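Asks: My structure is below; once you've seen it, I'll send some questions.
The values are calculated or read from the model by the stated rules, or taken from the named source; none is laboratory data. Since this is a predicted model, take the numbers as computed values, not measurements. Neighbour counts are summed over all protein chains in view; Cβ atoms, including those assigned to glycine, are modelled from backbone coordinates with ideal geometry. Side chains included, ligands, DNA and RNA excluded: accessible areas come from the protein's heavy atoms. Shrake-Rupley method; radii C 1.70, N 1.55, O 1.52, S 1.80 Å.
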Amino acid sequence: MTGLARLDGPETAAVSDQLVAVYQAAMSAAPFHETEVETGWFAEELAGEVGEPGFRCWVARDGDRVAGFAYGLPTPEVPAEGWYGLLRDAVGEGAGEWLEGQFAVVWIAVAPQWRGRGLGRQLLERLLAGAGAERAWLVTHDLDTPARALYRSLGFRELGRGPLGWHDAQRVVLAANLPPTSP
């Protein structure tokens with residue numbers, strides 16, 4: 001591992017093919033079994049998010065290749081329509097407090113050959129350290145995975161559940177208060 005680096009939107013776009021490759025390697029394996037269809041959706045989502053205000057991405061590099069990443073962005077508003085409407089419904093009372101004006105951890109993935117070395121923790125901790133918000137939230141699979149253990153260890157707790165995944169699959173919404181030094 002040659003190190004970790006913070007990328008802005010244009011820098012992330014320049015290596016987006018590598019993020020897509022890491023995503024596909026991580027998410028096509030058990031227990032997720034995602035297909036090329038979901039990988040394509042991820043690539044489209046990433047392409048749309050790199051231009052959002054406040055977008056930030058941390059990558060772990062193995063030489064000139066990305067071995068893992070974590071990215072997110074602030075959510076100044078959470079609309080009542082579309083996917084965000086489903087998110088609000090899943091969280092229920094307190095959705096505005098936990099979601100609006102806070103930081104969304106959008107994706108985190110580590111290539112299978114680099115798992116178990118603490119890269120996910122390093123990436124997520126760095127992403128959250130400069131979030132500039134009181135709280136962070138994310139949507140994840142309801143599976144007992146190392147990622148879920150990582151989220152618990154960082155203080156994330158369940159806020160709700162809903163049809164928030166690809167193909168309207170059920171997902172869990174987690175959130176955590178960030179340390180006062182984060183903003």
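Asks: For region 95-105, check the following and say yes or no: at least one residue is assigned to a strand (DSSP E or B), among the aliphatic types (A, V, I, L, M) and closer than 28 Å to Ala30 by Cα. Spell out the reasoning first.
Replies: To start, the set of residues in region 95-105 that are assigned to a strand (DSSP E or B) comprises 102-105.
If we keep only those that are among the aliphatic types (A, V, I, L, M) too, we end up with 104-105.
When the remaining residues are screened for being closer than 28 Å to Ala30 by Cα, the result is 104-105.
Scanning region 95-105 turns up at least one residue that is assigned to a strand (DSSP E or B), among the aliphatic types (A, V, I, L, M) and closer than 28 Å to Ala30 by Cα.
Rundown of residues vs (1) closer than 20 Å to Gly3 by Cα; (2) basic (Lys, Arg), yes/no style:
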site	(1), (2)
Ala60	yes, no
Glu81	no, no
Gly92	no, no
Ala104	no, no
Leu128	yes, no
Arg148	no, yes
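Asks: State all residues of region 10-39 that are at pLDDT below 95 and open to solvent by less than 30 Å² (accessible area, probe 1.4 Å); if no residue qualifies, say none.
Replies: Tyr23, Ala26, Met27, Glu34, Glu38, Thr39, listed by residue number.
Asks: I need a count of the residues in region 138-170 that are assigned to a loop (DSSP other than H, G, I, E, B) and either free of Cβ contacts under 8 Å to residues at least 60 places away in the same chain or at positive phi (or both).
Replies: 7
Asks: Let me ask another. Determine whether Ala175 is within 23 Å of Phe55 (Cβ to Cβ), of a type in the set (Gly, Ala, Ser) and open to solvent by less than 40 Å² (accessible area, probe 1.4 Å).
Replies: yes
Asks: Identify, by number, the condition in (1) open to solvent by less than 60 Å² (accessible area, probe 1.4 Å); (2) closer than 26 Å to Thr12 by Cβ that Ala95 doesn't meet.
Replies: Every condition holds for Ala95 apart from (2).
Asks: To continue, here is another question. State all residues of region 126-139 that are at pLDDT 90 or above and either hydrophobic (A, V, I, L, M, F, W, C) or open to solvent by less than 80 Å² (accessible area, probe 1.4 Å) (or both); if no residue qualifies, say none.
Replies: Hits for region 126-139 are Leu127, Leu128, Ala129, Ala131, Gly132, Ala133, Arg135, Ala136, Trp137, Leu138, Val139.
Asks: To continue, here is another question. For region 63-87, enumerate the residues that are within 16 Å of Ala129 (Cα to Cα) and either among the aliphatic types (A, V, I, L, M) or in contact with a Pro (Cβ under 9 Å, 6 or more places away or on another chain) (or both).
Replies: Scanning region 63-87 gives Ala70, Leu73, Pro74.
Asks: Hey, another quick one. Would you please name the residue that is surrounded by the most Cβ atoms within 10 Å (Cβ to Cβ), looking only at residues in region 140-172 that are touching a helix residue (DSSP H, G or I) at 6+ places or on another chain (Cβ under 9 Å) and β-branched (Val, Ile, Thr)?
Replies: Val172
Asks: Hey, does region 65-72 have a residue that's closer than 20 Å to Arg6 by Cα, in a loop (DSSP other than H, G, I, E, B), open to solvent by less than 30 Å² (accessible area, probe 1.4 Å) and of a type in the set (A, V, I, L, M)?
Replies: No, region 65-72 contains no residue that is closer than 20 Å to Arg6 by Cα, in a loop (DSSP other than H, G, I, E, B), open to solvent by less than 30 Å² (accessible area, probe 1.4 Å) and of a type in the set (A, V, I, L, M).
Asks: Looking at region 42-49, is at least one residue among the charged types (D, E, K, R), crowded, with 20+ Cβ neighbours inside 10 Å and in contact with a Leu (Cβ under 9 Å, 6 or more places away or on another chain)?
Replies: So far as region 42-49 goes, no, none of its residues is among the charged types (D, E, K, R), crowded, with 20+ Cβ neighbours inside 10 Å and in contact with a Leu (Cβ under 9 Å, 6 or more places away or on another chain).
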